[in-house]
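Before any comments, here is the structure.
The values are calculated or read from the model by the stated rules, or taken from the named source; none is laboratory data. Keep in mind it's a predicted model, so treat the numbers as computed, not measured. Every residue, glycine as well, gets a Cβ built from its backbone with ideal geometry; the counts of neighbours run over all protein chains shown.
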Amino acid sequence: MKKTNAAKLSLIITTILITAMAVGGELAPELKAGLTQIGGHHWTGKSIVSFVTFVFLYAAIPNRGGSKQESSMDFNVMAVVIGSAILMFAYFTAHYIQG
Amino acid sequence: MNWLIGLHALLGEIGAFSFFWILIDLVGPNSENSFIRARWAALMGTISLFLSWIVGGYYYLGNYQTLVKPVIKSGPYPWTHSVVTETKEHVFLLLPFLALYIYSLLHEESPQTMVLNEKGRLNIMMLAAAVFVMGLSMAAMGYLISSGFRSALEVKATSL
């Protein structure tokens with residue numbers, strides 16, 4: 001697998017999409033209903049959408065020349081993944097506290 | 001007892017500890033063999049996390065939704081569903097994709113080249129540590145969810 005840049009962008013976009021679906025699905029019933037229609041349950045819908053998005057982006061994004069690893073650490077990937085996890089936890093905690 | 005929970009947890013922990021293996025293998029002075037082993041660990045970990053996703057999802061959509069969730073929500077710790085399960089079911093979705101990215105990084109260059117790439121090695125270690133810590137947090141959340149269910153059953157049992 002040589003398409004590291006494609007994998008990185010696919011990961012970042014898919015992570016943001018998962019977070020948007022998780023929070024947005026609670027805020028907008030229409031979105032949750034749409035995801036339910038895709039997979040029979042909203043979680044299945046999120047799973048299918050996230051997997052298809054990652055695969056599609058990975059296939060569609062062209063590879064960048066040169067070695068990515070020599071240029072930088074992936075702090076942006078870490079920020080998006082850890083930030084998304086904290087955001088989802090914070091949202092569901094607040095949602096529960098507010099009743 | 002439900003064997004699907006055990007299988008989900010087992011696959012998840014194999015996934016998490018595969019990335020811990022990568023972390024340990026790349027610490028300090030390493031050889032080409034370190035990167036070759038790390039590639040195999042990444043493959044095993046990535047496959048395990050995808051399988052854990054499928055098995056966990058099958059359980060979540062079946063027994064959990066119909067039997068476990070209503071009991072937890074009627075018990076003394078409903079937050080173990082409303083906060084912990086909701087967080088776990090979504091944060092888990094991030095892990096297989098992050099694992100795939102690490103797998104792709106480990107195949108970007110030949111092991112001979114990777115030995116000389118200090119920043120690349122540190123980068124892979126940082127990402128592998130994230131998968132490991134998030135994987136362990138999944139196990140901790142699973143414990144909390146099981147405790148919420150068990151506490152609800154204990155309340156029901158003592159009120160009989």
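Values for this structure:
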{"item": "Only listed residue being aromatic (Phe, Trp, Tyr), within 28 Å of B:Gln112 (Cβ to Cβ) and modelled with pLDDT of 95 or more, chosen from B:Phe20, B:Phe50, B:Phe35", "result": "B:Phe20"}
{"item": "Unique residue being at pLDDT below 95 and of a type outside the set (Val, Ile, Thr) when the list is B:Glu89, B:Glu109", "result": "B:Glu109"}
{"item": "Number of the exception - B:Leu100 against (1) within 24 Å of B:Leu51 (Cα to Cα); (2) over 15 Å from the mean Cα position of the chain (by Cα); (3) of a type in the set (A, V, I, L, M)", "result": "(2)"}
{"item": "Index of the failed condition, B:Ala157 passing every other in (1) buried (at least 17 other Cβ atoms within 10 Å of the Cβ); (2) in a helix (DSSP H, G or I)", "result": "(1)"}
{"item": "Condition check for A:Thr15: under 19 Å from the mean Cα position of the chain (by Cα) and either modelled with pLDDT under 95 or among the aromatic types (Phe, Trp, Tyr) (or both)", "result": "no"}
{"item": "Pair list, Cβ under 7 Å, 6 or more apart: the stretch A:73-99 residue within 7 Å of another protein chain (Cβ to nearest Cβ) and closer than 17 Å to B:Trp79 by Cα, other residue of a type in the set (S, T, N, Q) and in a helix (DSSP H, G or I)", "result": "A:Met88/A:Thr19; A:Met88/B:Thr87; A:Phe89/B:Thr87; A:Phe92/B:Ser82; A:Phe92/B:Thr87; A:Tyr96/B:Ser82"}
{"item": "Residue in the stretch A:18-27 that is at the interface with chain B (Cβ under 7 Å from one of its Cβ atoms) and either among the charged types (D, E, K, R) or in a helix (DSSP H, G or I) (or both) present", "result": "yes"}
{"item": "Residue list for the stretch B:80-134, restricted to those being more than 7 Å from every other protein chain (Cβ to nearest Cβ), assigned to a helix (DSSP H, G or I), more than 30 Å from A:Phe92 (Cα to Cα) and of a type in the set (S, T, N, Q)", "result": "B:Gln112, B:Thr113"}
{"item": "Hits in the stretch B:12-69 (condition: buried (at least 21 other Cβ atoms within 10 Å of the Cβ), of a type in the set (Val, Ile, Thr) and under 21 Å from B:Ala140 (Cα atoms))", "result": "B:Thr46, B:Val68"}
